[in-house]
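J.: Let me give you the structure first, and then I'll get to my questions.
The values are calculated or read from the model by the stated rules, or taken from the named source; none is laboratory data. All values derive from a computational prediction rather than experimental measurement. So basically every Cβ, Gly included, is an ideal-geometry build from the backbone, and we count neighbours across all protein chains shown. To get the accessible areas, we keep the full protein, side chains included, count just its heavy atoms, and leave off ligands, DNA and RNA. Shrake-Rupley method; radii C 1.70, N 1.55, O 1.52, S 1.80 Å.
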Amino acid sequence: MQPQDVAPRPAPSSASSADPVVDVEQAEAALVEHYPRLARLAYLVLPPGLGRGRRVLSAHALTQRALPRNRTTTPVIPAQSTGREVDPGYALVRLRVVRTALEAGLPLRRRAWPRRSQLPPLLPHVRGLKLFPRSGGADELALDQRLSALSGPGRAAYVLRGLERLPDDGVRQVLRAAGVADPDAALREADGVPGQYGLLGSPEFDPCSLQARPTDLLRRRQHTKAALVAGAALVVCGALLGLPGDGWGPDGAAAPPYAQNPAAEAALDPGRLTKAAPAAWETSARTDFSVWPARGGLTGDEELLRRALAVWARPGESVGVSATPGTATGGPAGPPQLLYAGEVDTARVVVLHDGLRLVRYAEPKDGSAGAALDFARTDGAGRAAATAVVLGRADGNVRYLTAPWVTKAAARDLVEPDSGARELTLSDGVTSPLASPVQQRSGACTSWNALELTDGSDTRVVTDLGELVPARLTTGRPGAAKDASGAKALDAWAPYACSLGAVRGQGVRSVNAWEFATQPLPDGTGSGAWVCTRAETWRGEGARVLAQFRTPGGVQGAVAAKAQDVPACGERDPQVLAGVLWKSEGGHWYLLAAGGPDTESIEATGGISDSADGNLLTAKAEQGARAELKGTLGGGRTIGGLR
């Protein structure tokens, strides 16, 4: 298929006077916050003929160059198909990413200088390694092949529809502003590819989650020898040229010194750190991390704070850096807020907050080399989410810094809710150590510790999933879920607590458990419980859903189905349908399927054919049989079984 023409860029004066003006700072904030999404957008629009390795580097280069040099008007801000407004800063950098990605696919022309996006990127640059995204499944491979057959504008139209969730009018606006001569032709071309938009979020198309392999080792060795010979010749020639005559200037071949940046200097000055007043949270309209006071015995140690800020801005080779998925690891844009500085077990710890991220710096107390730098995304945190931060882990235990409004802390074993809570001491908001479930091996789960926090008349339960911010646990129907406190809620979580290990290190914000159905067993031995657990993330993407079934007397639930990045069992779509093959005590096999309360009928096809009115289906089956499930809701809408 021939590529469509891309029209020249519009002149700056073509923007309407009513178009919003975006400052560089606003564009930078949008670029940093949405960097993984913008890089994925660039990777998908870039021509596949570049190869996966160069597409990765080009996607990062185009995304980083999308930052404007000065204030710029934003001619296109289409709303998403959901009706949500789009930030002008994000709309601007998205448009610049799409425009340069389309330019990269244009053919080179004689007697014309190539555009920068058509050349291999200078930065980022990787030597000695080939980087490429993780491989997906057969569906992702098929979609990539279909997209490679499209022109650049056609790919852009498909990706803007699926990844950005723009309606067709919004896609036309973006393509027209990006210089596409015929957006309608691009949309018609995109119509020829099946709408598998959920696959666009796959690791197959993620240039931020990469695999590394060595380049051609023999060729690299030959090039190294040639480079050494050329370098030696250059040194000899340089020495000869530098002896007589005027020679070089007083600074030799050094480049001019960089201009000082006042904002960057302020961000690294411990004297500029912001601190909330101790009682600010009592009167502030906001109750999140921004009103936490600075605590700890080393808040006045400027040398420690200076090291923490410097390592944040420029982590060295001996610094271990970790970040939750979707969290940027760049330095602060301005002076951050100090939340804690003190000694925790065998380390000195500093916790900082820049409005979007929590950052924890830790160094050994004995002065030995090495440090740790951990990042976690916390934008949009409210009172219920900003309850605690992990200060440190040692000897299998974890310590938390709790919110200033927390008055009591206790440890609970979710697997044994009847064992009661063990009270923890609070010293300047820091808890005494409690055993962390992070190091627990899967398959040997006999307990799962959680932290119970009392905030006035409210009690919340959170658990450590290996990140800075513990995940909040709730129970109930999506949209009406409540904190997992009280005997009934704790009993509901007990059989499913060990399934939390499946979402360690995924940037999880909260996990809800909802018992959506109870199904009588066909052999008359009681009823089984259907529970859906959904883990929401701070970044919005990557939500994980498990449908679990527990028979009478069962200690733990069995996972019947699971899915990722689907709305099922969430606030947007509180519907779910799942099934499992179950063997009775008499040795007979059955298909048990259940849907939520709004399900009016269930039908099974394929290896098992049966149907039933209501939200429960019981059908005779053979061992190993497979079936497709379809549920019909009250309004006539149909849903498929969770996979």
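J.: Hey, among the residues in region 515-525 that are surrounded by fewer than 22 Cβ atoms within 10 Å (Cβ to Cβ) and not aliphatic (A, V, I, L, M), which one's nearest to the chain's Cα centre (by Cα)? Working first, answer last.
T.: Step one: of region 515-525, the residues surrounded by fewer than 22 Cβ atoms within 10 Å (Cβ to Cβ) are 515, 518-525.
Those still in the list that are not aliphatic (A, V, I, L, M) too: 515, 518-520, 522-525.
Working: Glu515: 27, Thr518: 34, Gln519: 36, Pro520: 40, Pro522: 43, Asp523: 45, Gly524: 45, Thr525: 44 Å.
Filtering region 515-525 for residues that are surrounded by fewer than 22 Cβ atoms within 10 Å (Cβ to Cβ) and not aliphatic (A, V, I, L, M), the one nearest to the chain's Cα centre (by Cα) comes out as Glu515.
J.: Do we have Ser148 as closer than 21 Å to Val97 by Cβ and surrounded by fewer than 17 Cβ atoms within 10 Å (Cβ to Cβ) here?
T.: Working: closer than 21 Å to Val97 by Cβ: yes; surrounded by fewer than 17 Cβ atoms within 10 Å (Cβ to Cβ): yes.
The answer is yes for Ser148.
J.: Still on this structure, please answer the following. Look through region 303-329, keep the residues that are within 22 Å of the chain's Cα centre (by Cα) and in a helix (DSSP H, G or I), and return whichever of them is surrounded by the most Cβ atoms within 10 Å (Cβ to Cβ).
T.: Trp312
J.: For the list (1) modelled with pLDDT under 95; (2) open to solvent by less than 70 Å² (accessible area, probe 1.4 Å); (3) under 28 Å from Arg504 (Cα atoms); (4) not basic (Lys, Arg), I need the number of the one condition that Gly586 fails.
T.: Every condition holds for Gly586 apart from (3).
J.: Could you grab me the full set of residues in region 261-302 that are modelled with pLDDT under 90 and exposed (fewer than 12 other Cβ atoms within 10 Å of the Cβ)?
T.: Residues satisfying the conditions are Asn261, Pro262, Ala263, Glu265.
J.: Now for a separate question. So which residues in region 21-70 are over 23 Å from Gly162 (Cα atoms), open to solvent by 10 Å² or more (accessible area, probe 1.4 Å) and not in a helix (DSSP H, G or I)?
T.: Passing the criteria: Val21, Asp23, Arg65, Leu67, Arg69, Asn70.
J.: For region 180-206, give me each residue that is without any contact (Cβ under 8 Å) to a residue 60 or more places away in the chain and β-branched (Val, Ile, Thr). Lay out the reasoning, then the answer.
T.: First, pick out the residues of region 180-206 that are without any contact (Cβ under 8 Å) to a residue 60 or more places away in the chain: 183-184, 187-188, 190-197.
Residue satisfying the conditions is Val193 alone.
J.: Looking at region 343-376 only, could you name the residues that are open to solvent by less than 30 Å² (accessible area, probe 1.4 Å), over 24 Å from the mean Cα position of the chain (by Cα) and acidic (Asp, Glu)?
T.: Hit for region 343-376 is Glu363, nothing else.
J.: Considering every residue within region 286-295, establish whether at least one is under 26 Å from Leu434 (Cβ atoms) and of a type in the set (A, V, I, L, M).
T.: Quick first cut of region 286-295, residues under 26 Å from Leu434 (Cβ atoms) only: 287-289, 291-295.
Among the residues that remain, those that are also of a type in the set (A, V, I, L, M) are: 291, 294.
Yes: one or more hits.
J.: Give the residue, chosen from Val469, Val438, that is closer than 25 Å to Leu391 by Cβ, buried (at least 23 other Cβ atoms within 10 Å of the Cβ) and among the hydrophobic types (A, V, I, L, M, F, W, C).
T.: Exactly one of Val469, Val438 is closer than 25 Å to Leu391 by Cβ, buried (at least 23 other Cβ atoms within 10 Å of the Cβ) and among the hydrophobic types (A, V, I, L, M, F, W, C), namely Val469.
J.: Check Ala177, Ala186, Ala181, Ala190 and return the single one that is crowded, with 20+ Cβ neighbours inside 10 Å, at pLDDT 85 or above and out of contact with any Pro (no Cβ under 8 Å at 6 or more places or on another chain). Working first, answer last.
T.: Details: Ala177 fails: out of contact with any Pro (no Cβ under 8 Å at 6 or more places or on another chain); Ala186 fails: out of contact with any Pro (no Cβ under 8 Å at 6 or more places or on another chain); Ala181 fails: crowded, with 20+ Cβ neighbours inside 10 Å.
After applying the criteria, what remains is Ala190.
J.: Look through region 526-551, keep the residues that are small (Gly, Ala, Ser) and surrounded by fewer than 16 Cβ atoms within 10 Å (Cβ to Cβ), and return whichever of them is modelled with the highest pLDDT.
T.: Let us first name the residues in region 526-551 that are small (Gly, Ala, Ser), namely 526-529, 535, 540, 542-543, 547.
Those still in the list that are surrounded by fewer than 16 Cβ atoms within 10 Å (Cβ to Cβ) too: 526-527, 540.
Numbers: Gly526: 91, Ser527: 94, Gly540: 90.
Per the stated criteria, the residue is Ser527.
J.: Here's a follow-up. Within region 526-570, count every residue that is in a loop (DSSP other than H, G, I, E, B) and either at positive phi or more than 23 Å from the chain's Cα centre (by Cα) (or both).
T.: Within region 526-570, the first condition is being in a loop (DSSP other than H, G, I, E, B), and the residues that meet it are 526, 538-543, 551-557, 565-567, 569-570.
Right, trim to either at positive phi or more than 23 Å from the chain's Cα centre (by Cα) (or both) and you get 526, 540, 542, 551-557, 565, 569.
So the answer is 12.
J.: On to the next question. Answer yes or no: is there a residue in region 106-114 that is open to solvent by less than 60 Å² (accessible area, probe 1.4 Å) and modelled with pLDDT of 65 or more.
T.: yes
J.: In region 589-621, which residues are open to solvent by less than 30 Å² (accessible area, probe 1.4 Å), closer than 17 Å to Ala517 by Cα and not in a strand (DSSP E or B)?
T.: Of everything in region 589-621, those that are open to solvent by less than 30 Å² (accessible area, probe 1.4 Å), closer than 17 Å to Ala517 by Cα and not in a strand (DSSP E or B) turn out to be Gly596, Gly614.
J.: Something else: Consider Ile639 carefully, then state whether it is closer than 21 Å to Pro522 by Cβ, surrounded by 12 or more Cβ atoms within 10 Å (Cβ to Cβ) and either touching a residue at least 24 places away in the same chain (Cβ under 8 Å) or not acidic (Asp, Glu) (or both).
T.: Details: closer than 21 Å to Pro522 by Cβ: no; surrounded by 12 or more Cβ atoms within 10 Å (Cβ to Cβ): yes; either touching a residue at least 24 places away in the same chain (Cβ under 8 Å) or not acidic (Asp, Glu) (or both): yes.
Judged against the criteria, Ile639 is not a match.
J.: Going through region 265-303 one residue at a time, which ones are of a type in the set (A, V, I, L, M, F, W, C) and either free of Cβ contacts under 8 Å to residues at least 40 places away in the same chain or touching a strand residue (DSSP E or B) at 6+ places or on another chain (Cβ under 6 Å) (or both)?
T.: In the first step, residues of region 265-303 are kept if they are of a type in the set (A, V, I, L, M, F, W, C); the result is 266-268, 273, 276-277, 279-281, 285, 289, 291-292, 294, 298.
Across region 265-303, the qualifying residues are Leu273, Ala276, Ala277, Ala279, Ala280, Ala285, Phe289, Val291, Trp292, Ala294, Leu298.
J.: Let me ask you something else. Return the residues of region 476-514 that are open to solvent by 20 Å² or more (accessible area, probe 1.4 Å), closer than 19 Å to Asp413 by Cβ and without any contact (Cβ under 8 Å) to a residue 40 or more places away in the chain; say none if nothing qualifies.
T.: Ser485, Gly486, Lys488, Ala492
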